[in-house]
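Written out below as structure tokens is the structure these notes cover.
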């Protein structure tokens with residue numbers, strides 16, 4: 001079982017319906033979810049002290065910085081953060097060099113698939129994605 005600290009995560013999704021749905025799925029799995037509608041809000045939350053070891057972000061966040069831009073900025077602030085990219089476009093991360101701190105989950109996905117991946121990432125059991 002994960003500690004209470006590891007149950008906290010940040011969800012970044014620009015689509016209100018998707019954000020609400022994913023947040024509810026994760027809360028039903030026992031996670032304490034803080035959400036943000038864009039990269040700027042997510043960065044503010046982390047800079048203000050949100051202690052979430054795992055960040056779940058859409059790749060396409062609409063206008064402004066993308067999920068990959070957000071991940072790069074977050075890793076500069078807190079290199080230990082684990083990032084899960086959720087995307088409906090498989091090629092949107094083509095060419096990105098990833099390591100054990102990043103994972104990808106393709107939309108659509110089941111809530112239990114996301115919760116299992118969050119738990120694995122929080123425990124450091126994810127061995128990364130091939131480049």
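The values are calculated or read from the model by the stated rules, or taken from the named source; none is laboratory data. All values derive from a computational prediction rather than experimental measurement. All Cβ positions, glycine included, derive from the backbone under ideal geometry; neighbour counts span all protein chains shown.
The number of residues in segment 106-118 that are modelled with pLDDT of 85 or more, assigned to a helix (DSSP H, G or I) and in contact with a helix residue (DSSP H, G or I) (Cβ under 8 Å, 6 or more places away or on another chain) comes to 3. Per the conditions (1) surrounded by fewer than 20 Cβ atoms within 10 Å (Cβ to Cβ); (2) in contact (Cβ under 8 Å) with a residue 24 or more places away in the chain; (3) not in a loop (DSSP other than H, G, I, E, B), the sole criterion not satisfied by residue 72 is (2). On inspection, residue 52 fails the criterion of being within 18 Å of residue 117 (Cβ to Cβ), at pLDDT below 95 and in a strand (DSSP E or B). Tell me, please, whether a residue that is modelled with pLDDT under 90 and touching a helix residue (DSSP H, G or I) at 6+ places or on another chain (Cβ under 8 Å) can be found in segment 13-23. Checking segment 13-23: not a single residue is modelled with pLDDT under 90 and touching a helix residue (DSSP H, G or I) at 6+ places or on another chain (Cβ under 8 Å).
Only one residue in 30, 64, 90 is out of contact with any strand residue (DSSP E or B) (no Cβ under 7 Å at 6 or more places or on another chain), over 19 Å from residue 121 (Cβ atoms) and at pLDDT below 95, so which one is that?
Details: 30 fails: over 19 Å from residue 121 (Cβ atoms); 90 fails: out of contact with any strand residue (DSSP E or B) (no Cβ under 7 Å at 6 or more places or on another chain).
Exactly one residue qualifies, and that residue is 64.
Looking across segment 56-68 at every residue that is in contact with a helix residue (DSSP H, G or I) (Cβ under 6 Å, 6 or more places away or on another chain) and not in a loop (DSSP other than H, G, I, E, B), the one that is surrounded by the most Cβ atoms within 10 Å (Cβ to Cβ) is identified as 57.
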